[in-house]
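Some notes on the structure that comes next.
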Amino acid sequence: VDRVATALRRNATRILAQVSAESAPTIEISSQPVQSFLKSAVSTGAASRSVETQWGLVFIDPPYDLGLVELQENLGALDPQLSEGATVVLERSSRTAAPAWPAGLVLDKRKDYGDTALYWLRSTGRA
């Protein structure tokens, strides 16, 4: 996990070096468990977040053995943090059933790569 977070931070630095300060996106990388991360984000108050600080792109790679109920709870807690039209890319085992998406998230696309399934979800802003 630490190696992955380090690589992501290095890539974020490379991205930010390619854009002007005025157009630079805010990139936040966390390697803590999603439940802890979302609880801390929710405790800051989604209502207090401005549109500029809501998330526009989120990558989620939970353990494959994470249950569907827990995954749905995590996605439900994530949705209020998303800007309308935000993209969420979720990685799951292609052998598990697709979860039911919470209100506010719709499936745009699924692509399987061997044992891995990637889901592209879009926030409708209607959580």
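Does segment 1-18 hold any residues that are assigned to a loop (DSSP other than H, G, I, E, B) and at pLDDT below 90, and which are they?
Going residue by residue through segment 1-18, those that are assigned to a loop (DSSP other than H, G, I, E, B) are 1, 18.
Once the filter is applied, which keeps residues that are assigned to a loop (DSSP other than H, G, I, E, B) and at pLDDT below 90, segment 1-18 yields only Val1.
With the condition kept exactly as written, say whether any residue in segment 22-34 is surrounded by 14 or more Cβ atoms within 10 Å (Cβ to Cβ) and either at pLDDT below 85 or part of a loop (DSSP other than H, G, I, E, B) (or both).
yes
In segment 72-96, which residues are part of a strand (DSSP E or B), open to solvent by 30 Å² or more (accessible area, probe 1.4 Å) and either on the phi < 0 side of the Ramachandran plot or touching an Asp or Glu at 6+ places or on another chain (Cβ under 8 Å) (or both)?
Keep residues of segment 72-96 that are part of a strand (DSSP E or B), which gives 82-93.
Checking the rest, the ones that are also open to solvent by 30 Å² or more (accessible area, probe 1.4 Å) come to 84-85, 87, 91.
The answer is Glu84, Thr87, Glu91.
Go through (1) more than 21 Å from Ala86 (Cα to Cα); (2) surrounded by 10 or more Cβ atoms within 10 Å (Cβ to Cβ) and name the single condition Ala12 misses.
(1)
Please determine whether any residue of segment 46-55 is at pLDDT 80 or above and either within 23 Å of Tyr119 (Cα to Cα) or open to solvent by less than 90 Å² (accessible area, probe 1.4 Å) (or both).
Of all residues in segment 46-55, those at pLDDT 80 or above come to 54-55.
Now restrict to residues that are either within 23 Å of Tyr119 (Cα to Cα) or open to solvent by less than 90 Å² (accessible area, probe 1.4 Å) (or both): 54-55.
Yes, segment 46-55 contains at least one residue that is at pLDDT 80 or above and either within 23 Å of Tyr119 (Cα to Cα) or open to solvent by less than 90 Å² (accessible area, probe 1.4 Å) (or both).
Is it the case that Pro99 is open to solvent by less than 40 Å² (accessible area, probe 1.4 Å), part of a loop (DSSP other than H, G, I, E, B), at pLDDT 85 or above and in contact with a Lys or Arg (Cβ under 9 Å, 6 or more places away or on another chain)? Can you show your working first?
Values: open to solvent by less than 40 Å² (accessible area, probe 1.4 Å): yes; part of a loop (DSSP other than H, G, I, E, B): yes; at pLDDT 85 or above: yes; in contact with a Lys or Arg (Cβ under 9 Å, 6 or more places away or on another chain): yes.
When the stated conditions are applied, Pro99 passes them.
Any residue that is open to solvent by less than 70 Å² (accessible area, probe 1.4 Å), in contact with a Pro (Cβ under 6 Å, 6 or more places away or on another chain) and either at pLDDT 85 or above or under 19 Å from Val34 (Cβ atoms) (or both) - is there at least one of those in segment 61-71?
Yes, there is a match, as at least one residue in segment 61-71 is open to solvent by less than 70 Å² (accessible area, probe 1.4 Å), in contact with a Pro (Cβ under 6 Å, 6 or more places away or on another chain) and either at pLDDT 85 or above or under 19 Å from Val34 (Cβ atoms) (or both).
The values are calculated or read from the model by the stated rules, or taken from the named source; none is laboratory data. Only a predicted model underlies this, so the values are computations on that prediction, with no experimental measurement involved. When we count neighbours, we look across all protein chains shown, and the Cβ atoms used for this are built from the backbone with ideal geometry, even at glycine. Side chains included, ligands, DNA and RNA excluded: accessible areas come from the protein's heavy atoms. Shrake-Rupley method; radii C 1.70, N 1.55, O 1.52, S 1.80 Å.
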